[in-house]
Amino acid sequence: MNNISENLRNILQKLPVGVILCAVSKFHPINAIEELYGVGQRVFGENRPQELTAKAAVLPTDIEWHFIGHLQTNKVKMVVPHAELIESVDSLRLLEAIDKEAEKCTKIQKILLQMHIATEDTKQGFLQPEIQEILKNTQQFENIEIVGLMGMASLSADTEQIKREFNTLATLYHKYPTLTTLSMGMSGDWEVALECGSNNIRVGSAIFGARH
Ligand SMILES: *Cc1c(COP(=O)(O)O)cnc(C)c1O
């Protein structure tokens, strides 16, 4: 039997102080989120705008939603009103769209810049020089606060390769002392990510079980 509260607790017990666990609830029902909310979990991750909107409408307002999926500019207006943090910002056009929408909502939207660190070219993200360029000139986005970086490692059994990819992102992160959030690590690699300095892991199936 799969006990999601126990899965959550087992992971939380292994997290150093200051590391955020984003429970990735995409494709999982409201009642599963409510169960974890009931044992104190507040940070949940979703990757589809419609699903985020539908869930946020019926769940407690003190949930901190992290948007973690590829976001199209025409869906930004569905996400900004609900997202505490948009982790998956991967283009300048998206930054501009988020900036505009945040102004309309009179909020400062916190975001992470997603960097492409994996070998697969299907994974979204900026290249390192693009991130450096954006971080040189953050004040151009008045309604956005760039609080850190996010990356997804290759889907690989080679732990050394995963470490190299995470370390690439960690090294860049440490060049910017004002950044506070380094988001790396999913169900299969969060322990490696912690070793590499992640302070925000995004874990779905290891808590909720397989997605259908
Ligand atoms: C789905 C997803 C996760 C969680 O994946 P699991 O392997 O189920 O833990 C983490 N990050 C992103 C960006 C995702 O899309």
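Within the range 182-192, can you find the residues that are away from the ligand (no atom under 11 Å from the Cβ) and surrounded by 20 or more Cβ atoms within 10 Å (Cβ to Cβ)? Let's see the steps before the verdict.
Keep residues of the range 182-192 that are away from the ligand (no atom under 11 Å from the Cβ), which gives 182, 191-192.
Across the range 182-192, the qualifying residue is only LEU182.
Taking interchain pairs and intrachain pairs at least six residues apart, which have beta carbon atoms under 8 angstrom, with the first residue in the range 41-54 and over 13 Å from LEU71 (Cα atoms) and part of a strand (DSSP E or B) and the second of a type in the set (S, T, N, Q) and within 11 Å of the ligand (Cβ to nearest atom)?
Short answer, once both residue conditions are applied: PHE44/SER25; GLY45/SER25.
Check ARG202 against each of (1) surrounded by 14 or more Cβ atoms within 10 Å (Cβ to Cβ); (2) of a type in the set (D, E, K, R); (3) more than 11 Å from the ligand (Cβ to nearest atom); (4) touching a residue at least 40 places away in the same chain (Cβ under 8 Å) and name the one condition it does not meet.
In the conditions (1) surrounded by 14 or more Cβ atoms within 10 Å (Cβ to Cβ); (2) of a type in the set (D, E, K, R); (3) more than 11 Å from the ligand (Cβ to nearest atom); (4) touching a residue at least 40 places away in the same chain (Cβ under 8 Å), ARG202 misses (3) alone.
Is it the case, given these coordinates, that ALA118 is crowded, with 18+ Cβ neighbours inside 10 Å, at pLDDT below 95, in contact with a helix residue (DSSP H, G or I) (Cβ under 8 Å, 6 or more places away or on another chain) and not in a helix (DSSP H, G or I)?
Criteria met by ALA118.
The values are calculated or read from the model by the stated rules, or taken from the named source; none is laboratory data. Only a predicted model underlies this, so the values are computations on that prediction, with no experimental measurement involved. Glycine gets a Cβ as well: all are built from the backbone with ideal geometry, and neighbour counts include every protein chain shown.
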